[in-house]
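Asks: This is the structure I have questions about; it appears just below.
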Amino acid sequence: MAGPLEDELGDILEKARDGKSWSQEDLASASGTSLRDVQRMESYDLIPETEAILQLAKVLDLHGPSLVAVARETWSPDPPVKNPDPAFDLHCLNVFMGAYPVKCYLLKCRETNATTVIDTGANPDAIIKKASELRLAPSKILLTHNHPDHVGGLRQLDEAFNCPAYIGANELRPSGSRNLILLEDGDVLELGRLKIKCLFTPGHTQGGVSFLTNQTLFSGDVIFAGSMGRANSSWSDLYHSITREVLSLPEATALHPGHGPATTVREEKRHNPFFCGKV
Ligand SMILES: [Fe+2]
């Protein structure tokens, strides 16, 4: 089961407004929708008729049919195709911050058993338990960005695994690691026989990074199946990170985000309301 999408119609409208620096009043006026209805949509209280969704998409420069499909919950991404002879094993864990699920990953080089954790969640007991069950001893902790739901468990993992943590050089430094290593764009880390490339993907945060190994990308909160992350530092930076660094990868590339289901470059190019028809 892929699980529900991270974002609903209301989230997408809010993020698209953010890209235009529009208020809810601006969107209401541009689309001919009442302000009350815009407010209800953004608080998940209203899914309007298809014609109204298409009009909202038009004024927000979104792909209309894709927005309708997300709003009506008629689309979910085809999952990445499993490589029949993978160089790595991947374990995806839901680590909750309160009731909010965050995806963290254990990535293991098959040949050497070298293992890394990708993001810690806020309460990383599940990661420590899973690593123990699998008899894995992670030798690296990779951090996509410094938000509490992604790094909040760093101190606990540092104590459990006693290994270095890596984060983008432009990101605010998280606490909890006794050996924090700063990454530059294009840096390549070795994990056994695997090579993991660091891609700068700012915009959700100022120094967020994604990690690429083979045709698998761990993208934090940059892009979600059917949506994009929240542009906390810069909407245009985030948009360009996605179009230039993520959706420029081969179409079969698997995307493993920090929230919501896994997807692929192909699926997002064809179904993401923000990017369909633009990349
Ligand atoms: Fe985040």
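Asks: Can you name every one of the strands (runs of 3 or more DSSP E) wholly within segment 167-279 that holds 1 or more residues which are at pLDDT 95 or above, surrounded by 23 or more Cβ atoms within 10 Å (Cβ to Cβ) and among the acidic types (D, E)? First the steps, then the outcome.
Replies: On the way: elements: 180-183, 188-191, 194-200, 209-213, 216-220, 254-257.
Where strands (runs of 3 or more DSSP E) fall fully within segment 167-279, none carries at least 1 residues being at pLDDT 95 or above, surrounded by 23 or more Cβ atoms within 10 Å (Cβ to Cβ) and among the acidic types (D, E).
Asks: Sort out which residues of segment 227-258 are within 16 Å of the ligand (Cβ to nearest atom), charged (D, E, K, R) and touching a residue at least 40 places away in the same chain (Cβ under 8 Å), and write them in order of number. Outline the logic, then answer.
Replies: Step one: of segment 227-258, the residues within 16 Å of the ligand (Cβ to nearest atom) are 227-235, 237-238, 241-242, 246, 255-258.
Those left that are additionally charged (D, E, K, R): 230, 237.
Within segment 227-258, R230 is the sole residue that qualifies.
Asks: Related question: Taking the condition within 21 Å of W22 (Cα to Cα) and modelled with pLDDT of 95 or more, does E111 pass? Explain how you work it out, then say what you get.
Replies: Details: within 21 Å of W22 (Cα to Cα): no; modelled with pLDDT of 95 or more: yes.
Answer is no for this residue.
Asks: Restricting attention to segment 238-246, does a residue exist that is under 17 Å from K103 (Cβ atoms) and touching a strand residue (DSSP E or B) at 6+ places or on another chain (Cβ under 8 Å)?
Replies: Residues of segment 238-246 that are under 17 Å from K103 (Cβ atoms), as a first pass: 246.
Subsequent filtering for residues that are touching a strand residue (DSSP E or B) at 6+ places or on another chain (Cβ under 8 Å) retains 246.
Yes, segment 238-246 has at least one match.
Asks: Filter segment 205-226 for residues that are within 13 Å of the ligand (Cβ to nearest atom) and within 20 Å of D61 (Cα to Cα) and give the result.
Replies: Scanning segment 205-226 gives V222, I223, F224.
Asks: For segment 148-166, give me each residue that is in a helix (DSSP H, G or I) and in contact with a helix residue (DSSP H, G or I) (Cβ under 9 Å, 6 or more places away or on another chain).
Replies: Initially, segment 148-166 is screened for residues in a helix (DSSP H, G or I), giving 148-151, 154-161.
Of everything in segment 148-166, those that are in a helix (DSSP H, G or I) and in contact with a helix residue (DSSP H, G or I) (Cβ under 9 Å, 6 or more places away or on another chain) turn out to be Q156, L157, A160, F161.
Asks: Go through segment 81-103 residue by residue and tally those that are without any contact (Cβ under 8 Å) to a residue 40 or more places away in the chain, in contact with a Gly (Cβ under 9 Å, 6 or more places away or on another chain) and of a type outside the set (F, W, Y).
Replies: 2
Asks: Any residue that is surrounded by 19 or more Cβ atoms within 10 Å (Cβ to Cβ), in the same structural domain as G220 (by TED's automatic domain parsing) and part of a loop (DSSP other than H, G, I, E, B) - is there at least one of those in segment 105-119?
Replies: Yes.
Asks: Same structure again: Can you pull out every residue in segment 68-86 that is aliphatic (A, V, I, L, M) and at pLDDT below 95? Quick ask: steps written out before the conclusion?
Replies: Quick first cut of segment 68-86, residues aliphatic (A, V, I, L, M) only: 68-71, 81.
Answer for segment 68-86, where residues must be aliphatic (A, V, I, L, M) and at pLDDT below 95: just V81.
Asks: Let me ask something additional. Just to be sure before I move on: is P138 in a loop (DSSP other than H, G, I, E, B) and either polar (S, T, N, Q) or not assigned by TED's automatic domain parsing to the domain that holds G19 (or both) in the structure I sent? Talk me through it step by step, then tell me what you get.
Replies: Numbers: in a loop (DSSP other than H, G, I, E, B): yes; either polar (S, T, N, Q) or not assigned by TED's automatic domain parsing to the domain that holds G19 (or both): yes.
When the stated conditions are applied, P138 passes them.
Asks: Does G176 satisfy the condition of being under 20 Å from I196 (Cβ atoms) and either within 16 Å of the chain's Cα centre (by Cα) or away from the ligand (no atom under 16 Å from the Cβ) (or both)? Please lay out each step first, then the result.
Replies: Details: under 20 Å from I196 (Cβ atoms): no; either within 16 Å of the chain's Cα centre (by Cα) or away from the ligand (no atom under 16 Å from the Cβ) (or both): yes.
Considered against the rule, which asks whether it is under 20 Å from I196 (Cβ atoms) and either within 16 Å of the chain's Cα centre (by Cα) or away from the ligand (no atom under 16 Å from the Cβ) (or both), G176 comes out as no.
Asks: Residue check, A126 against (1) under 30 Å from D78 (Cβ atoms); (2) assigned to a strand (DSSP E or B); (3) of a type in the set (A, V, I, L, M, F, W, C), all met but one. Which one?
Replies: Going through the list (1) under 30 Å from D78 (Cβ atoms); (2) assigned to a strand (DSSP E or B); (3) of a type in the set (A, V, I, L, M, F, W, C), A126 breaks only (2).
Asks: Of everything in segment 120-138, what is surrounded by fewer than 19 Cβ atoms within 10 Å (Cβ to Cβ) and within 16 Å of the chain's Cα centre (by Cα)? Give them in sequence order. Let's see the steps before the verdict.
Replies: At the first step, the residues of segment 120-138 found to be surrounded by fewer than 19 Cβ atoms within 10 Å (Cβ to Cβ) are 123, 125-126, 128-130, 132-135, 137.
None; the set is empty.
Asks: In addition: Against the definition (among the hydroxyl-bearing types (S, T, Y), within 22 Å of the chain's Cα centre (by Cα), buried (at least 19 other Cβ atoms within 10 Å of the Cβ) and not in a helix (DSSP H, G or I)), how does S76 come out, yes or no?
Replies: So S76 passes the test.
Asks: Cβ-Cβ under 8 Å, sequence separation 6+ or interchain: first residue in segment 17-39 and within 15 Å of L62 (Cβ to Cβ) and aromatic (F, W, Y), partner in a helix (DSSP H, G or I) and modelled with pLDDT of 95 or more. Which pairs?
Replies: The qualifying pairs are W22/A30.
The values are calculated or read from the model by the stated rules, or taken from the named source; none is laboratory data. What you see is a predicted model, and the numbers here were worked out from it, not measured in a lab. Note that we place each Cβ from the backbone using ideal geometry, even for glycine, and neighbour counts take in every protein chain shown.
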